[in-house]
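Here, each number is a calculation from the coordinates, and none is a lab measurement. Every value quoted in this text rests on a predicted model; they were computed, and no experiment measured them. A quick note on method: Cβ atoms are made from the backbone with ideal geometry, for glycine too, and the neighbour counts reach across all protein chains shown.
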Amino acid sequence: MKKNIQRFGVRTACAVAAMIFAAQAAWALEPFKVQDIRVEGLQRVEPGTIFASMPMRVGDDYNDEKGAAAIRALFALGLFKDVRLEANGNVLVVVVQERPTIADVDFAGSREFDKDALKKSMRDIGLTDGRPFDKALADRAEQELKRQYLNKSFYAADVVTTVTPIERNRVNLTFTVIEGAPARINEIRIVGNKAFSESTLKGLLEQDTGGWLSWYTKSDRYARSKLNADLETLRSYYLQRGYLEFRIDSTQVAISPDKEGISVTVNVSEGERYVVSGVQLEGNYLEREDEFKSLVKIVPGEPYNADQVAETTKAFSDHFSNFGFAFARVEAVPEIDRPNNRVNLVVQAEPSRRAYVRRINVAGNNRTRDEVVRREFRQFEASWYDGDKIKLSRDRVDRLGYFTDVNVETQEVPGAPDQVDLLITVAEKPTGSLQLGAGFSSAEKVSLSFAIKQENAFGSGNYLGVEVNTSKYRRTLVFSTTNPYFTADGVSRTLDVYYRTDKPYEDQGGNYELVTKGASIRFGVPFSETDTVFFGGGMEQIAIKPGTNIPAAYLNYADRFGYNSTAVPLTIGWSRDNRDSALAPNSGRYQRFNSEWSVAGDARYVRANYQYQQYVPLNKKFTLAFNGELGLGKAMNNRPFPVFKNFYSGGLGSVRGFDQGTLGPRDVTGASLGGPKKVTLNAELMAPFPGAGNDRTLRVFTFVDVGNVYGDGEKISFSEMRASAGVGLSWISPLGPLRIAFAQPIRKFAGDRIQKLQFQIGTSF
């Protein structure tokens, strides 16, 4: 044993001595004056790179210290795997061995990730064509790729890196991925629950054991981040129902030997259920205790609810901020009476110091100009900090629709305790949209619509849009632009130029046309933070081009007032939108009123339209939606109401199950004429798609539609209304929002045209 140790010691000493000798041999030269510097071994690197990096020039005195510094500087370039210094007389010879360069980076066997995205990620860390090959970077990339697969539940995934040398000191780098099957959750157990059933608790979780839609939701794929979110959901559920001392004792995640099955066990301790005995206020409330008491959401006598406690403390902090106290501290301290299962909450408050806003900064807007965000703010610089104005400002920026996320952060100013800075951080979203629509019917067969819009053109906040309807029978071309800040006070200006052509259906016969062209200008004046009034005017020309089988109503109007009519309508409108989302609303209200009055020209009329929408969340999954629309028109100057200004109903957006725009009065030729009166009522019940969990990007809905159009001189009669019912599907797909509806008329009359299937899809860029 002793001999072995001695032998090992001799070998180690020899090895160390050899390394020291080799290192010294690289630069241990006799001092001399450098008369010239020569570089050997270069293939692709320019000599100038060597000379610029070396801390030594012709005419300098060479010594070991300068030689060592030169070698370190050349290695630091990352271009060489070996560097030596030699002397040939008074000539310093730099001998280098270049690292091989990467000729190509490829991925084999990767189906879960896009190959182009993987190549881009490699490019970001320095593994790309033309760059020097670094084994350490390749190893790091391999480990990162494995980690990404683990995040997607591919626990059996393996990555092998292959480096293939080729000519001219280059290498091909290939990452071969053996993905295997993703690990799926086979079992979820919740242990320790008594108050609520295990099935009830598991229904709260986003992760589950899968269903027939798991291929889309991927809810049966385990992820630690999703599990943490589910645990918080579980904790919130208990804390909302009085279980103040609820805790999660442990979580076990077991994976099967084949790495394809996962079992999750959550151990909980519910504790006792507590009832709130009272709420007390302690601290400095600025002599406004009554105001703060009115903000208390906690109800004595009811079970403890953590959400109510959080709402109360937030309401107190927000109220303090309205008086300039940006750093108020509010805390609800529970005093637990365990023998009686009661808890008394003491809300302690300290307003701290009052502050004013020094500076407002905007971050995250790579495309949108700062001005577009700043002009929506109602909190100004050099003014007292006001929480209400800041919240209103944040909501106004969010309602622009240009950002997926808007956050306002209050930052202390070092050395100035009475000043704060506001940082507005936004996350931009694509504001351009391409929309496609289609409808199927026995009459029109297939009709297509197309629209391209840019809500934030060139980052200016202005709107540009072009809409085209390629229907064989109803063709439309509309150009529109809106400047939301036409004046500094927030008055908007909208310009519209349009051209529309209406033709009869083939089975109606005839080849006549109704051509409408015109332009309008409209201004929007904000009368409050939520209400905007619109007014404007325009000019349009309507031409009736006669042909075979033209409706008698058109001929009668043309005989009396000519085949070409002009109108100069003045418009006034109002809108209010309190919905939580314009894309997939679950709560809130939307109202819109538009009217026009033709004061000059051949056509004289008054026309108005009012729409009301209400969204009521029934619970976490179900939402009830109502829509009502009323349209009225009246002729002026003892003239009949222009037939080309009639309202139309039926089809998408009105009464589904009936052909587009075919409800109401008909001509003797069978053509749909529309009418000056319109009523539409819709009700929808929306829910997540079965098997999709709580995913709101994929929802089903059932609906009932009622409505009709009435002619001039006809009274609105509910006995004449059409009705339909059906089911539909809405999906926020990768291509954009998709909506499909299948409707069956449940109340129809002879001659009604049926349109049962419709869909609409949009995408963003």
Discussion item. Please compute one quarter of the surface area of the Cα convex hull for the range 101-178 and express it in square nanometres.
Written reply: 4.7
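Can you compute the charge dipole magnitude of the chain about its Cα centre, using +1 on each Lys and Arg Cβ and -1 on each Asp and Glu Cβ, nothing else charged? Give it in debye, rounded to the nearest 20. Numbers along the way, then the final one.
Numbers: 97 positive and 92 negative charges, 315 e Å.
Dipole of the chain, to the nearest 20 debye: 1520 debye.
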Practice prompt. With label points built 7 Å along Cα→Cβ from the Cα atoms of Thr487 and Asn267, find their separation and express it in nm.
Written response: 7.0
Worksheet item: Which angle between 0 and 90 degrees, to the nearest 10, do you get for helix 115-125 versus the longest principal axis of the chain when only C-alpha atoms count?
Response: 50
Worksheet item: In the structure displayed, which of Lys503/Lys748; Lys453/Lys517; Lys621/Lys748 lie more than 27 Å apart, Cα to Cα?
Response: Lys621/Lys748
Item to complete: Sort Thr623, Thr101, Thr566 so that the residue with the fewest other Cβ atoms within 10 Å of its own Cβ comes first and the one with the most comes last.
Response: Thr566, Thr101, Thr623
Fill in: Of (1) 120, 78, 61; (2) 89, 75, 56; (3) 154, 68, 55, the label for Cα extents along the principal axes in Å derived from the coordinates
(1)
Discussion item. What does DSSP give for the range 184-269 in terms of the percent of beta bridges that are antiparallel, rounded to the nearest 5?
Written reply: 55
Worksheet item: Counting each DSSP H run of 4 or more residues in the chain as -39500 (n - 2.57), what helix-only mean residue ellipticity at 222 nm follows after dividing by all residues, to the nearest 500 deg cm²/dmol?
Response: -6000 deg cm²/dmol
Fill in: Helix axis angle, 64-76 relative to the chain longest principal axis, alpha carbon, degrees
30
Discussion item. Using the basic label-point model (7 angstrom from Cα toward the beta carbon), what is the Met539 to Glu206 distance in nanometres?
Written reply: 5.7
Worksheet item: What's the angle, to the nearest 10 degrees (0 to 90), between helix 306-321's Cα axis and the longest principal axis of the chain?
Response: 90
Discussion item. Quick check: the distance between the Cα centres of the range 606-655 and the range 236-261, to the nearest angstrom?
Written reply: 50
Discussion item. Students often forget the sequence filter, so: which lysines lie under 19 Å Cα-Cα from Lys389 once same-chain residues fewer than 8 apart are removed?
Written reply: Lys314
Worksheet item: By DSSP, what percent of the beta bridges with both residues in the range 275-350 are antiparallel, rounded to the nearest 5?
Response: 55
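With a 10 Å radius around each residue's Cβ, average the other Cβ atoms per peptide and rank 546-556, 742-752, highest first.
Ranked from most to least packed, the peptides come out as 546-556, 742-752.
Sorting check: for 596-604, 191-199, which peptide has the highest mean count of neighbouring beta carbons within 10 Å, and how do the rest follow? Could the numbers behind the result be given before it?
Numbers: 596-604: 18.3, 191-199: 12.2.
So the order, starting with the most tightly packed, is 596-604, 191-199.
Indicate, rounded to the nearest 5 percent, the antiparallel portion of the DSSP beta bridges found entirely in the chain. Intermediate results must be reported in sequence, preceding the final value.
Values: 212 of 246 bridges.
Antiparallel bridges: around 85 percent, rounded to the nearest 5.
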Worksheet, complete the sentence: As straight-line cross-link partners of Lys135, the qualifying lysines (C-alpha separation under 23 Å, not fewer than 8 residues apart within one chain) are Lys81, Lys115, Lys119, Lys120, Lys146
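Would you please put 113-122, 202-211, 642-651 in order of how densely packed they are, using the mean number of other Cβ atoms within 10 angstrom per residue and starting with the highest? Please list the in-between numbers first.
On the way: 113-122: 14.2, 202-211: 16.7, 642-651: 23.3.
The peptides rank, most packed first, as 642-651, 202-211, 113-122.
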Worksheet entry | Cut-off 13 Å between beta-carbons: net charge of the residues surrounding Tyr62, Lys and Arg +1, Asp and Glu -1 | -4
Worksheet item: Measuring from centroid to centroid over Cα atoms, what is the spacing of the range 325-363 and the range 103-174 in Å?
Response: 50
